[in-house]
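*Asks:* To start, I am sharing the structure in question, which I have written as structure tokens.
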Amino acid sequence: MEIAEWTPEGRLVLSSLGKENFVQVNSPEDADWILIPIFLSGLVNEAGYSYLKEVSELSKKHKKPLGLFSNSDLIVDPRVSNYHLFTPGAYSTDKRLIELPALLPIDPVSKYFEGNLAPLGKKEKPTLGFCGQATANGFKTAKDLFLLLRLKFSKRIGKSPYLTIPMFLPAYERYRLLENLEKSSKIKTDFVYRMKYRAGAHTAEDKLKVEREFYQNIRDNMFTLCLRGMGNYSVRFYQTLAMGRIPVLVDTESKVPFEEYIPEKGFYLRVPYKERNRIDQFLEDFIEKKSEEELIQLQLTCRKVWESYYRKGALLQLLYSEMKGIYEKCVFQE
């Protein structure tokens, strides 16, 4: 999150970005929040859990909200009860979890397309793209299933560091969904199936080629399918926004980060997971109700949302708004 940084002496202090929205105080009595601005994955050990318990008790004593951060696909369990956990992959059914966006290391439009968004006009059929790992390969599916079963067993015997272990096989789920959508006569599909993550590219040249193909697929289609991976979020959702195209988010109890603070509404299409095989109908209904001018404007809005709210500086402003809102309505239990 880059709220804080380490000093040469090993102290955590607010970063220059952090200072734009937050103030660090020396006493918990003077604080609005008690925050541990490092990822929980660095505290998954005996000393870390002891520290979390100590800070949890401090927040209870002073009746201050406790803020934690998790950056792993599977959400780390802090093993305390009074917390608000900022993480990618938050579930809407758990009010303690606050969704964070995936930050992109580049601006793909600038890097690959000379800053030219080139929004697409309305066509007879909506175009839906996808480029990524999607396979029904038996070895890959068995490997992923074994990993999940092992994680679930660890959870059952109390040796797992994670809050929940979803029974979800991302590559297989994507393959089945894409295969079904390709049969539809309502939409035009443009799917690139990858056996491995990022096509297994290793050299810098191959990685660049694969990344460009990925973004070209998004650019060529007004809509891009966004289905979760091992974590309950899709980086492709933010990549699609950055490209000025419309994400189709398959809702798996998903949260869109800081959505209530973003004035632009309806900048993506949400489809319930149970209705995923009817995405073609959702798209047909969606596009019928909009003129070409409205669709072009919507693509420009998608790009604006990414630029204005899901890049580093603006993100901390939204985090501040979220934390301020929680602080103002928070009720503590002894």
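The values are calculated or read from the model by the stated rules, or taken from the named source; none is laboratory data. Since we're looking at a predicted model, the values are computed, not measured. All Cβ positions, glycine included, derive from the backbone under ideal geometry; neighbour counts span all protein chains shown.
*Asks:* Output yes when any residue across the range 278-297 is outside the structural domain of LEU17 (by TED's automatic domain parsing), of a type in the set (Gly, Ala, Ser), farther than 19 Å from VAL248 by Cβ and touching a residue at least 12 places away in the same chain (Cβ under 8 Å), and no when none is. Lay out the reasoning, then the answer.
*Replies:* Filtering the range 278-297 for residues outside the structural domain of LEU17 (by TED's automatic domain parsing) gives 278-297.
From what is left, the residues that are of a type in the set (Gly, Ala, Ser) are 291.
Cutting the leftovers down to farther than 19 Å from VAL248 by Cβ gives us 291.
Then keep just the ones that are touching a residue at least 12 places away in the same chain (Cβ under 8 Å); that gives 291.
Yes; the residues of the range 278-297 include at least one that is outside the structural domain of LEU17 (by TED's automatic domain parsing), of a type in the set (Gly, Ala, Ser), farther than 19 Å from VAL248 by Cβ and touching a residue at least 12 places away in the same chain (Cβ under 8 Å).
*Asks:* Checking the condition under 18 Å from the mean Cα position of the chain (by Cα), of a type in the set (S, T, N, Q) and modelled with pLDDT of 95 or more, which residue from THR252, THR301 passes?
*Replies:* Numbers: THR301 fails: under 18 Å from the mean Cα position of the chain (by Cα).
Going through THR252, THR301 in turn, just one is under 18 Å from the mean Cα position of the chain (by Cα), of a type in the set (S, T, N, Q) and modelled with pLDDT of 95 or more: THR252.
*Asks:* Kindly provide the set of residues from the range 15-31 that are more than 29 Å from the chain's Cα centre (by Cα) and part of a helix (DSSP H, G or I), ordered by number.
*Replies:* Of everything in the range 15-31, those that are more than 29 Å from the chain's Cα centre (by Cα) and part of a helix (DSSP H, G or I) turn out to be PRO28, GLU29, ASP30.
*Asks:* Do we have any residue at all in the range 300-309 that's among the charged types (D, E, K, R), touching a residue at least 40 places away in the same chain (Cβ under 8 Å), loosely packed, with under 13 Cβ neighbours inside 10 Å and under 22 Å from PRO257 (Cβ atoms)?
*Replies:* no
*Asks:* Within the range 225-273, track down each residue that is among the basic types (Lys, Arg) and touching a strand residue (DSSP E or B) at 6+ places or on another chain (Cβ under 8 Å).
*Replies:* Taking the range 225-273 as the starting set, the residues that turn out to be among the basic types (Lys, Arg) are 228, 236, 245, 255, 265, 270.
Within the range 225-273, ARG228, ARG236, ARG245, LYS255, ARG270 qualify.
*Asks:* In the same structural domain as GLY132 (by TED's automatic domain parsing), farther than 25 Å from VAL109 by Cβ and among the hydrophobic types (A, V, I, L, M, F, W, C) - does that describe any residue in the range 260-267? Can you show your working first?
*Replies:* The initial filter retains those residues of the range 260-267 that are in the same structural domain as GLY132 (by TED's automatic domain parsing), namely 260-267.
Right, trim to farther than 25 Å from VAL109 by Cβ and you get 260.
Cutting the leftovers down to among the hydrophobic types (A, V, I, L, M, F, W, C) gives us none.
No, there is no match, as no residue in the range 260-267 is in the same structural domain as GLY132 (by TED's automatic domain parsing), farther than 25 Å from VAL109 by Cβ and among the hydrophobic types (A, V, I, L, M, F, W, C).
For every residue, the table says whether it meets (1) aromatic (Phe, Trp, Tyr); (2) farther than 30 Å from VAL76 by Cβ.
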residue: ALA142; (1), (2): no, no
residue: TYR162; (1), (2): yes, no
residue: PHE168; (1), (2): yes, no
residue: GLU179; (1), (2): no, yes
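*Asks:* If you check ASP251 against the conditions, is it of a type in the set (D, E, K, R) and over 24 Å from ILE75 (Cβ atoms)?
*Replies:* Values: of a type in the set (D, E, K, R): yes; over 24 Å from ILE75 (Cβ atoms): no.
Here the answer is no, as ASP251 does not meet what is asked.
*Asks:* Can you name the residue in the range 32-80 that is in a strand (DSSP E or B) and either over 20 Å from TRP6 (Cβ atoms) or of a type in the set (D, E, K, R) (or both) and is also modelled with the lowest pLDDT among such residues? So that I can check it myself, show each step before the final result.
*Replies:* Of all residues in the range 32-80, those in a strand (DSSP E or B) come to 34-39, 66-69, 76.
Among the residues that remain, those that are also either over 20 Å from TRP6 (Cβ atoms) or of a type in the set (D, E, K, R) (or both) are: 66, 76.
On the way: LEU66: 96, VAL76: 93.
Only one residue tops the list, namely VAL76.
*Asks:* Among what's in the range 95-108 and is in a loop (DSSP other than H, G, I, E, B) and touching a residue at least 60 places away in the same chain (Cβ under 8 Å), pick the residue that is farthest from MET323 (Cα to Cα). Steps first, answer last, please.
*Replies:* Of all residues in the range 95-108, those in a loop (DSSP other than H, G, I, E, B) come to 95-96, 100-107.
Imposing the further condition that a residue be touching a residue at least 60 places away in the same chain (Cβ under 8 Å) reduces the set to 100-104, 107.
Details: LEU100: 13, PRO101: 16, ALA102: 19, LEU103: 19, LEU104: 23, ASP107: 28 Å.
Top of the filtered list is ASP107.
*Asks:* What about GLN281, is it surrounded by fewer than 18 Cβ atoms within 10 Å (Cβ to Cβ), more than 21 Å from ASN232 (Cα to Cα) and among the polar types (S, T, N, Q)? Quick ask: steps written out before the conclusion?
*Replies:* On the way: surrounded by fewer than 18 Cβ atoms within 10 Å (Cβ to Cβ): yes; more than 21 Å from ASN232 (Cα to Cα): yes; among the polar types (S, T, N, Q): yes.
When the stated conditions are applied, GLN281 passes them.
*Asks:* Check off (1) within 21 Å of THR240 (Cβ to Cβ); (2) without any contact (Cβ under 8 Å) to a residue 60 or more places away in the chain; (3) aromatic (Phe, Trp, Tyr) for PHE146 and give me the number that stays unchecked.
*Replies:* Failing condition for PHE146: (1).
*Asks:* May I pose another question? Applying the selection to the range 132-164, what residues are assigned to a loop (DSSP other than H, G, I, E, B) and closer than 24 Å to ILE218 by Cβ? Write out each step before concluding.
*Replies:* Step one: filter the range 132-164 for residues assigned to a loop (DSSP other than H, G, I, E, B), giving 134-137, 157-161, 163-164.
Of everything in the range 132-164, those that are assigned to a loop (DSSP other than H, G, I, E, B) and closer than 24 Å to ILE218 by Cβ turn out to be ALA134, THR135, ALA136.
*Asks:* Could you tell me whether the range 315-329 includes any residue that is more than 19 Å from the chain's Cα centre (by Cα) and among the hydroxyl-bearing types (Ser, Thr, Tyr)? Can you show your working first?
*Replies:* Quick first cut of the range 315-329, residues more than 19 Å from the chain's Cα centre (by Cα) only: 324-329.
Filter once more, so that each one left must be among the hydroxyl-bearing types (Ser, Thr, Tyr): 327.
Scanning the range 315-329, I find at least one residue that is more than 19 Å from the chain's Cα centre (by Cα) and among the hydroxyl-bearing types (Ser, Thr, Tyr), so the answer is yes.
*Asks:* A follow-up question, please. Go through the range 9-39 and report how many residues are among the acidic types (Asp, Glu), surrounded by 15 or more Cβ atoms within 10 Å (Cβ to Cβ) and over 23 Å from PRO78 (Cα atoms).
*Replies:* Step one: of the range 9-39, the residues among the acidic types (Asp, Glu) are 9, 20, 29-30, 32.
Now narrow it down to the ones that are surrounded by 15 or more Cβ atoms within 10 Å (Cβ to Cβ): 32.
Subset that is over 23 Å from PRO78 (Cα atoms): none.
Here the count works out to 0.
*Asks:* When you look at GLU54, is it free of Cβ contacts under 8 Å to residues at least 24 places away in the same chain, under 30 Å from LYS155 (Cα atoms) and of a type outside the set (A, V, I, L, M), yes or no? Give the steps one after another, and end with the answer.
*Replies:* Values: free of Cβ contacts under 8 Å to residues at least 24 places away in the same chain: yes; under 30 Å from LYS155 (Cα atoms): yes; of a type outside the set (A, V, I, L, M): yes.
Criteria met by GLU54.
*Asks:* While we're on this one: Considering only the range 165-253, give the helices (runs of 4 or more DSSP H) lying wholly within it that have at least 1 residues that are surrounded by fewer than 16 Cβ atoms within 10 Å (Cβ to Cβ).
*Replies:* Values: elements: 170-181, 204-220, 235-242.
Because the criterion is at least 1 residues that are surrounded by fewer than 16 Cβ atoms within 10 Å (Cβ to Cβ), the helices (runs of 4 or more DSSP H) in the range 165-253 that meet it are 170-181, 204-220.
*Asks:* Out of the residues in the range 81-90 that are part of a loop (DSSP other than H, G, I, E, B) and not small (Gly, Ala, Ser), state the one that is nearest to the chain's Cα centre (by Cα). First the steps, then the outcome.
*Replies:* First, the residues of the range 81-90 that are part of a loop (DSSP other than H, G, I, E, B): 81-83, 88-90.
From what is left, the residues that are not small (Gly, Ala, Ser) are 82-83, 88.
Details: ASN82: 23, TYR83: 20, PRO88: 5 Å.
Result: PRO88.
*Asks:* Going by the structure shown, is LYS188 among the basic types (Lys, Arg), out of contact with any strand residue (DSSP E or B) (no Cβ under 6 Å at 6 or more places or on another chain) and not assigned by TED's automatic domain parsing to the domain that holds LEU97? Let's see the steps before the verdict.
*Replies:* On the way: among the basic types (Lys, Arg): yes; out of contact with any strand residue (DSSP E or B) (no Cβ under 6 Å at 6 or more places or on another chain): no; not assigned by TED's automatic domain parsing to the domain that holds LEU97: yes.
So LYS188 fails the test.
*Asks:* For residues that are part of a loop (DSSP other than H, G, I, E, B) and among the basic types (Lys, Arg), scanning just the range 254-275, find the one that is nearest to ARG96 (Cα to Cα). Explain how you work it out, then say what you get.
*Replies:* In the first step, residues of the range 254-275 are kept if they are part of a loop (DSSP other than H, G, I, E, B); the result is 254-258, 262-268.
Okay, now just the ones that are also among the basic types (Lys, Arg), so 255, 265.
On the way: LYS255: 12, LYS265: 24 Å.
Going through the qualifying residues, I end up with LYS255.
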